[in-house]
Protein chains: 2
Amino acid sequence: MLDQQVEVVLEKLGQRTFQRVFFVACGGSLAVLYPAKYVLDRESATLSSEMYSSNEFIHRNPKSLGKDSLVVLCSLSGTTPETAQAAVHAREAGATTVAFTEDLSSPLGTQAEFPIQFKWGAENDPFTSNYSLLYQLIFGLLNQRGEYGKLDEVVAGLQNLQLLFDRAKEQYHQNAADFAAEYKDDKVIYTMASGINYGIAYSFTTCILMEMQWIHSHVIHAGEYFHGPFEILDKDVPMIILLSLDETRALDERALSFSQRYGKRLIVLDAQDLNLDGVPSAVKGVIAPIVLNFILRRYAEELATARNHPLSQRRYMWKVEY
Amino acid sequence: MLDQQVEVVLEKLGQRTFQRVFFVACGGSLAVLYPAKYVLDRESATLSSEMYSSNEFIHRNPKSLGKDSLVVLCSLSGTTPETAQAAVHAREAGATTVAFTEDLSSPLGTQAEFPIQFKWGAENDPFTSNYSLLYQLIFGLLNQRGEYGKLDEVVAGLQNLQLLFDRAKEQYHQNAADFAAEYKDDKVIYTMASGINYGIAYSFTTCILMEMQWIHSHVIHAGEYFHGPFEILDKDVPMIILLSLDETRALDERALSFSQRYGKRLIVLDAQDLNLDGVPSAVKGVIAPIVLNFILRRYAEELATARNHPLSQRRYMWKVEY
C-alpha cells in the first residue's frame, strides 16, 4: 500500500496531463532525485525528464517549462532558498509542483502545490524516507499512465528497507571500518558509477568527501572514465567503484576490470553482493542503490571517526554568509 | 551563409518531425555538445533534449528513443567505438542521426545517417570547426521551426572566430604563462562554471587536467558549489572560475564572490573581459564559450610546457587495451 500522502498527490496528478518532468534540487537532495530520472528514462515512452540544480533551473529558465510540466523538488529542511524559489518559479510558469521535505511549514513545504513530508534519521522506518516516497510517486505515476506493471513489487521492496539496512549494516560493518583505517590519511578519493548509481556516487563525492571531510574528490561516470579520467589512475590513487544490478552494469564492470589491472587501491561496492531477500527479483535493480547509499553512509561515519573529523563539522555552511 | 553540409542536412531534417533531441558522445566530444543543449533549453518550447555518454545511452536505452528523436553524435576521429555503436543503436530505434566527425570514412562517419565533416587544428578556419558546425545545425534547426530569429547574427559571429581567437591569444598570452608558472607544481586544480560554460569546464577538468596532465580535478557546478563542494576551499586550493555573459552569470558571480573571501588562489576567466567586437551583441553570450575554450587550450599548452609534460603524453589511452 502506498504512503497516504503520495496516494492523494497521485490522484491529483492523474487529473492533469504531463509531457515533461523537471527534477530540481541542490546537492544531496538533487542526488536523491537521480534514480527517478533513470527510471523514467527506462520506463516511459511519453515523459521526458531533466535534472537541474535549483539556481540553474531558475536562471536557465527552460522555455518548455509550462502547464504540461511536472516539477519535482526536494530539500530536507525545506529552507534551501534556491529550491523554494524554484518552486515559486515553476508555479508562476503554470507547472505542477511536488516537493519532498521534512518540514511542511518550511518555505519549500508551503510554496509547492503538493508538498510531501518524509522522515529522516535512523529512528524512522525508511519506508517514510525521501527515496521511498519519491519511488512511490514516480512508479505510481508510471503505473497510472499504464507504463509500468510492477508497482506492487516496488512497494514490497520499500517496505523491507529496514530489514535490508539492518542486514547491510552487519554485512558491511568490518568493510566500513577497514576502509576508514586504510584511507583516513588520503587527500584524494574518487568515486565512480554509472546508470542508476550515479546519484549516490555524486552524493558521496560532494556531500561526504568534499563537504563533510574536506577530502578532494570527483565523481567519475564509468562510461566517461575511458575518455579522460582513467589517465589519473595509478597504484596510489584510491577509487570507490560502485556496481549496479541494472542495465548499465556492463559499464561498471569494464571500469572495474581496467582499474584492477592498473590500480591497487580500489574500494568495490557491488550490488550483487547484497542480500536482497525480501525484494521481488524484478525490482532488485531499483532498490539496490538505496541500500548501497545506506552502506556508503556507514563508510562515511567510520571515516569521520578514524579521521577525528565529525560529519557535522563545517567551515562555511550555515556559519557564514554565502 | 551556412556551411554547405549543414544546409543540406537541415533541408532533410525539415522534412521530419522531432520532439526529442539526444546529444551523445564521449569525453571532450560530449563536452562540445553541451552548449547546444543549453541553447535548446533556452530557445525551444517544443524540443526536449538530453545528454548521455555514449555507452550510458546504449545501455540505458531510453524508452522514448524512436522515430521522433534526433540523435546528435560527435567524435573527432569517428573511431570512438561506443559512439559509432550509439549511432547504430539510434538508427535501429528509428531515430534520425547526425554525426560530427573529422573523418567521413570512419565508423561513425559511415554509420550515421547524416555525417558532417568538421576541421580541427590551428591551420583551419574555425568556421569549419565542431563548435561552429554544431551551432549552425542547432540554431538552423531552431530557425527552421520558427523558434529563433537571430541565425544570421550567430553565423556572422562564427565567421569571425579566427579574428576572436587571434585577439584572445594576444590578450591572454601573459595570463596563460603566469598561470602555468604559478600552478605547475599543484596536485589538485578545480574548475567551476554554470550554464553554457559548464561543458568547457568539464572538458578542461577531464581532458586537460586529468587525462593530459594527470592532475587531480573536479568540475564544480557554480550553483552546486554552496551545497557541498565549497567546503573544500581554503587559501591553498587552486580554482579556475569561468564567468559567462548569459542568463546564469549570477551563479558564477556568487561563486566568485564567495571564493574571493575565503580563497587565495583563484584563476578567473570572465567572458566580459573578452573583446568580442565583430560579434553582434544579441549573440555574444553564445559565442563567448567558444573563445573561452580557445583560451583554456592556451592555458593547457603553457601548463604542459612548464611541467614538461606534453599534452600528447598518455599512460593508457591508445596504448593498452580497455
Problem set entry | Choice from B:Pro310, B:Pro62, B:Pro126 with maximal GNM fluctuation in chain B (Cα, 10 Å cutoff) | B:Pro62
Problem set entry | Set of aspartates and glutamates near B:Lys67 by C-alpha distance (under 14 Å), chain-local residues within fewer than 8 positions excluded | B:Glu92, B:Glu113
Exercise. Can you pull the mean other chain C-beta count within 10 Å for peptide B:239-251?
Worked result: 2
Problem set entry | Label point distance in nm, B:Glu182-A:Lys63, each placed 7 Å from Cα along Cα→Cβ | 3.9 nm
Seminar exercise, completed: Normalised per residue, the volume inside the convex hull of the alpha-carbon atoms of chain B in Å³ amounts to 137 Å³
Exercise. Where the eigenvalues come from the Cα gyration tensor of the range B:32-98, what are the semi-axes √(5λ) of the equivalent ellipsoid, largest first, in whole Å?
Worked result: 19, 15, 10
Exercise. If packing is taken as the mean number of other Cβ atoms within 10 Å per residue, what is the order of B:79-90, B:100-111, A:259-270, B:285-296, highest first?
Worked result: B:285-296, B:79-90, B:100-111, A:259-270
Exercise. To the nearest Å, what is the center-to-center distance of the range B:74-105 and the range A:185-215, using C-alpha atoms only?
Worked result: 32 Å
Seminar exercise, completed: Computed for the range B:190-301: size of charge dipole around the Cα centre, +1 on C-beta of each Lys and Arg, -1 on C-beta of each Asp and Glu, debye to nearest 20, value 160 debye
For this session: Could you tell me which of A:Val88, A:Ser106, A:Leu73 has its Cα farthest along the dipole of the range A:70-125 towards the positive end, charges placed at Cβ (Lys, Arg +1; Asp, Glu -1), taken about the Cα centre?
Result: A:Val88
Problem set entry | Rh by Kirkwood over Cα pairs, then Stokes-Einstein D for the protein assembly as shown at 1.306 mPa s and 10 °C, µm²/s | 64 µm²/s
Seminar exercise, completed: Quarter of the surface of the C-alpha convex hull for the range A:72-205, i.e. direction-averaged projected area in nm², equals 10.8 nm²
Exercise. Say a label goes 7 Å from Cα toward Cβ at A:Gln174 in every copy; what distances in nm does this one have to the rest, shortest first?
Worked result: 6.3
For this session: Would you work out which of B:Phe118, B:Leu233, B:Ile138 lies farthest towards the positive end of the dipole of the range B:117-266, given +1 charges on the beta-carbon of Lys and Arg and -1 on that of Asp and Glu, about the Cα centre?
Result: B:Leu233
Exercise. When the gyration tensor of the range B:176-304 is built from Cα positions, what are the square roots of 5 times its three eigenvalues, in whole Å, from largest to smallest?
Worked result: 22, 18, 12
Exercise. For chain A, what is the mean residue ellipticity at 222 nm derived from helices alone (per DSSP H run of n ≥ 4: -39500 (n - 2.57); sum divided by total residues; nearest 500 deg cm²/dmol)?
Worked result: -14000 deg cm²/dmol
Problem set entry | Length-normalised contact order of the range A:81-166 in % [C-alpha pairs under 8 Å, at least 6 apart] | 20 percent
For this session: Over the whole of A:61-68, what's the average partner chain Cβ count within 10 Å per residue? Rounded to a whole number, please.
Result: 4
For this session: If a/c stays under 1.5 just call it rounded; otherwise compare a/b with b/c (prolate if a/b is bigger, oblate if not). Do that for the range B:75-148, with a ≥ b ≥ c from the square roots of the Cα gyration tensor eigenvalues.
Result: oblate
Problem set entry | Across the identical copies, how the A:Ala250 labels are spaced - nm, sorted shortest first, 7 Å along Cα→Cβ | 4.4
Exercise. With charges only on Cβ, +1 for K and R and -1 for D and E, what is the dipole size of the protein assembly as shown about its Cα centre, in debye, rounded to 20?
Worked result: 80 debye
Problem set entry | Nm distances between copies for A:Arg261, ranked from closest, using label points 7 Å along Cα→Cβ | 4.9
Problem set entry | Label-point gap, in nm, between A:Ser312 and B:Ala250 - each point 7 angstrom along Cα→Cβ | 3.4 nm
Exercise. Roughly what would the spin-label model give for B:Val8 and B:Asn124, points 7 Å off Cα along C-beta, in nm?
Worked result: 1.6 nm
Problem set entry | Solvent-accessible area buried by pairing B with A, both sides, nearest 100 square angstrom, 1.4 angstrom probe | 6200 Å²
For this session: Quick one: dipole size for chain A, taken about the Cα centre, charges +1 on Lys/Arg Cβ and -1 on Asp/Glu Cβ, in debye to the nearest 20.
Result: 520 debye
For this session: At 1.4 Å probe size, with every protein chain present, just tell me what the per residue accessible area of the protein assembly as shown comes to in Å².
Result: 36 Å²
Exercise. Hey, got the average number of other protein chain Cβ atoms within 10 angstrom for residues in B:211-218?
Worked result: 5
For this session: Once you have all Cα-Cα distances for the range B:128-206, histogram them in 10 Å bins from zero and send the whole-percent values.
Result: 15, 30, 35, 15, 5, 0
For this session: Please report, largest first and rounded to whole Å, the three semi-axes of the ellipsoid equivalent to the range B:222-272, where each semi-axis is the square root of five times an eigenvalue of the C-alpha gyration tensor.
Result: 18, 13, 7
For this session: Could you tell me whether the range A:24-66 comes out rounded, prolate or oblate from its Cα gyration tensor? Rule is a ≥ b ≥ c as square roots of the eigenvalues, rounded for a/c under 1.5, then prolate if a/b exceeds b/c, otherwise oblate.
Result: oblate
For this session: Helix by helix through chain A, keep the DSSP H runs that span 18 Å or more along the axis on Cα and average at least -1.0 on Kyte-Doolittle, and give those back in order.
Result: A:27-43, A:130-144, A:161-183, A:249-262, A:284-307
Problem set entry | Among B:34-44, B:129-139, the order from most to least packed when residues are scored by Cβ within 10 Å on average | B:129-139, B:34-44
Exercise. Going down the list B:Lys184/B:Lys319; A:Lys150/A:Lys284; A:Lys235/B:Lys187; A:Lys37/B:Lys63; B:Lys187/B:Lys264, which pairs span over 18 Å between their C-alpha atoms?
Worked result: B:Lys184/B:Lys319
For this session: Using only C-alpha positions, report the orientation-averaged shadow area of the convex hull of the range A:12-147, nm², one decimal.
Result: 7.4 nm²
For this session: Could you estimate the translational diffusion coefficient of the range A:256-306 from the Stokes-Einstein equation, with Rh from the Kirkwood formula over C-alpha pairs, at 25 °C and 0.890 mPa s, in whole µm²/s?
Result: 190 µm²/s
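The values are calculated or read from the model by the stated rules, or taken from the named source; none is laboratory data. Note that the structure is a prediction, hence the values are computed from the model and not measured. Methodologically, a virtual Cβ is constructed for each residue, glycine included, from the backbone with ideal geometry; neighbour enumeration extends over all protein chains shown. Remember, those area values only see protein heavy atoms, side chains included, never the ligands or the DNA or RNA. Shrake-Rupley method; radii C 1.70, N 1.55, O 1.52, S 1.80 Å.
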